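First comes the structure, then the notes that go with it.
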Amino acid sequence: MKKVVLAAALMAASSLALGQDLSNGADNFYRSEQVSLEKVSFTNQYQMKVVGNLYLPKDRKPGVKYPAIVVGHPMGAAKEQSSNLYAQKLAEQGFVTLAIDLSYWGESQGEPRHLVAPEIYTDDFSAAVDYLSTQSFVDGTRIGGLGICGSGSFVISAAKIDPRIQAVATVSMYDMGAAARNGLNRSQSLVQRKAMIAAATQQRLAEFTGAEAQYVPGTVNELDADTPQIQREFFDFYRTPRGAYAAAGEQPEHTTQPLFSSLVKFLNFYPFNDIETIAPRPMLFISGDQAHSREFSEDAYRRAGEPKELYWVKDAGHVDLYDRTRLIPFDKLTGFFQKHLAAK
């Protein structure tokens, strides 16, 4: 069934775009022969089912408790986009890893679909820690969190109030609150923000009275001469066979399309406030030195307490670190988690 769904996704994506950039080892749909996969589900504190892919090293020894890592996908994506790749690569190094679908996305529960709900996304990470802590093969005192893109801000938000997350790493992080309030590089004015709030509120009322839901085009479905470069970057991943994926009951072109009337919830999301309180638990921020999103990793690093590290990947952009295996510093991530999730 999984192969059929994937094939359908790729065929649908192919109709959206013929070109794709597979340079630098782009391998979003990587499948490891060294790990086993189990589909798992558990409930968050809102009693919503969260679905994840649990990866286990095939050479693990019975009776041994292993360190574990929760892996979160880019905002608006699914676990099959980037996070499965990271989870498998880390499981190959001896970790138990759990790539989750955030609530309202992928296979996880939540209606209406694609609702923006940062508090619930944050709780999904803690729910994953709950699940891992109850597994006989996991050492509950050695659990880390890894967030890619928007999940970087969600795992930080979780770690501030969940001391069980012993080490935090982010890759190509977006502060979804700052991005919604101010735009990239503070390109959005307060007047523009208020106009967006007014439009979203009007749409919320319209939907309350029965109007059809509207979604934000987080990634465009077609390119034209005026498409900005950042949108082209996302398009090449989400709208081509390189990374396009159809979640259950959806089409590939629906990925990264949040519910517009709920987008204002990000305006109240301040994940970096009190980030220093995570210390002395360690934090690693990884970003491409050419990434349009680098401002968020720089901001988080500046605010975070010690120990912390900001690691630049030379000549890499934001989406490059979703799947380009020759650019992603897996050795850096492995060393970070091996050091900070070591048995005490």
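Out of the range 159-200, which residues are over 15 Å from G147 (Cβ atoms) and among the basic types (K, R)? Of everything in the range 159-200, those that are over 15 Å from G147 (Cβ atoms) and among the basic types (K, R) turn out to be R164, R181, R186, R193, K194.
The condition of being closer than 15 Å to Y46 by Cα, out of contact with any Lys or Arg (no Cβ under 9 Å at 6 or more places or on another chain) and surrounded by 24 or more Cβ atoms within 10 Å (Cβ to Cβ) holds for F125. Residues that are within 20 Å of P241 (Cβ to Cβ) and without any contact (Cβ under 8 Å) to a residue 60 or more places away in the chain within the range 30-52 comprise just one, R31. For the range 175-183, state whether one or more residues are under 12 Å from the mean Cα position of the chain (by Cα), closer than 23 Å to Y238 by Cα and surrounded by 20 or more Cβ atoms within 10 Å (Cβ to Cβ). Within the range 175-183 (the criterion being under 12 Å from the mean Cα position of the chain (by Cα), closer than 23 Å to Y238 by Cα and surrounded by 20 or more Cβ atoms within 10 Å (Cβ to Cβ)), the answer is yes, since at least one residue qualifies. Suppose we keep only residues that are aliphatic (A, V, I, L, M) and assigned to a loop (DSSP other than H, G, I, E, B) within the range 283-335. Which one would you say is nearest to N24 (Cα to Cα)? Step by step, filter the range 283-335, then rank; the result is L327. Within the range 239-246, identify whether any single residue is in contact with a strand residue (DSSP E or B) (Cβ under 9 Å, 6 or more places away or on another chain) and surrounded by 12 or more Cβ atoms within 10 Å (Cβ to Cβ), and answer yes or no. So far as the range 239-246 goes, yes, one or more of its residues are in contact with a strand residue (DSSP E or B) (Cβ under 9 Å, 6 or more places away or on another chain) and surrounded by 12 or more Cβ atoms within 10 Å (Cβ to Cβ). Name, by its number, the condition in (1) under 13 Å from the mean Cα position of the chain (by Cα); (2) of a type in the set (D, E); (3) under 25 Å from L341 (Cα atoms) that does not hold for E80. The number of the failed condition is (3).
Between T170, T219, the distinction of being surrounded by 16 or more Cβ atoms within 10 Å (Cβ to Cβ), part of a loop (DSSP other than H, G, I, E, B) and β-branched (V, I, T) belongs to T219 only.
Scanning the range 183-226 for residues that are under 18 Å from S293 (Cα atoms) and hydroxyl-bearing (S, T, Y) yields S187, T219. Out of the residues in the range 184-216 meeting the condition of being in a loop (DSSP other than H, G, I, E, B) and within 30 Å of A300 (Cα to Cα), tell me which one is farthest from the chain's Cα centre (by Cα). For the range 184-216, the residue satisfying everything is S189.
Within the bounds of the range 140-158, is there any residue that is buried (at least 24 other Cβ atoms within 10 Å of the Cβ) and assigned to a loop (DSSP other than H, G, I, E, B)? Scanning the range 140-158 turns up at least one residue that is buried (at least 24 other Cβ atoms within 10 Å of the Cβ) and assigned to a loop (DSSP other than H, G, I, E, B).
Only the coordinates and a few stated rules stand behind these numbers; no lab work does. Predicted, not measured: the structure shown is a model, and the values here were computed from it. Note: ideal-geometry Cβ built from the backbone for every residue, glycine included; neighbour counts use all protein chains shown.
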